[in-house]
1. Between ASP31 and ARG49, what length comes free when the chain is fully extended (0.36 nm per residue of separation minus the Cα-Cα distance, one decimal in nm)?
2. Can you work out ³J(HN,Hα) from phi for every residue in the stretch 33-41, in order, using Karplus 6.51 cos²θ - 1.76 cosθ + 1.60 and θ = phi - 60°, giving whole Hz and x for Gly and Pro?
3. Given the C-alpha centroids of the stretch 81-115 and the stretch 13-37, what is the distance between them in whole angstrom?
4. Where does each of GLU91, GLU74 land when they are ranked from fewest to most other beta-carbon atoms within 10 angstrom?
5. Can you report the principal axis dimensions of the chain using only the alpha carbons, biggest first, rounded to whole angstrom?
6. Under the rule of at least 5 residues apart or a separate chain, name every residue whose amide H is placed under 5 Å from the amide H of ASP31.
7. Provide the gained length on full extension for the span ILE109 to GLU14, in nm with one decimal, where the gain is 0.36 nm per separating residue minus the Cα-Cα distance.
8. Would you calculate the separation in nanometres between label points at GLU74 and GLU57, each defined as 7 Å from the Cα along the Cα-to-beta-carbon direction?
Amino acid sequence: MADNCLFCKIIAGEIPGTFIYQDDRLVVLQDIAPQSPHHYLIIPRKHIRTTLDLAAEDNDLVGHVYQVAARLAEQHGFAEGGFRVVNNCNEGAGQTVWHLHFHLLGGRILTWPPG
Ligand code: 5GP
Ligand code: ZN
């Protein structure tokens, strides 16, 4: 756990958060400011600052993130309609929380390219 990390604190239970899914490697939260009818944050339990800090040992973890994303989209009924898994890396891409996470967005038409 990293000092002063919002997501580490939520994972540790120091700050309230409701997990819609969790396992030994990750937790999933509803985003506090949803950008689509379904907007979940898939957050590895391991504190990794950005995508640039991923190591080869994290390869399985990232694959697991995508497996969980697909299953959640199916279970919540928005897989067929289309969904997106997004990781913002560094400020220029919109990263605001410095603990690796993946947005799972769905439930509406998602335009491309994003802004
Ligand atoms: P980023 O901008 O780093 O890609 O994504 C951070 C996300 O975390 C944002 O979509 C923001 O709305 C969400 N967020 C920030 N603070 C909290 C919080 O305390 N709880 C939850 N559930 N989401 C948060
Ligand atoms: Zn953290």
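1. Contour length minus the Cα-Cα distance gives 4.6 nm.
2. 10, x, 9, 7, x, 10, 8, 10, 10
3. 15
4. Ranked by crowding around the Cβ, least crowded first: GLU91, GLU74.
5. For the chain, the Cα spread along each principal axis is 38, 29, 28 Å.
6. So ASP31 has HN proximity to HIS39, TYR40, LEU41.
7. Separation in residues times 0.36 nm, less the Cα-Cα distance, equals 30.6 nm.
8. Result for the modelled spin labels: 3.1 nm.
We did not get these values from a lab; they are worked out from the coordinates using the rules stated. Because the structure is a prediction, the values reported are computed rather than measured. Glycine also receives a Cβ, built like all others from the backbone with ideal geometry; neighbour counts cover every protein chain displayed.
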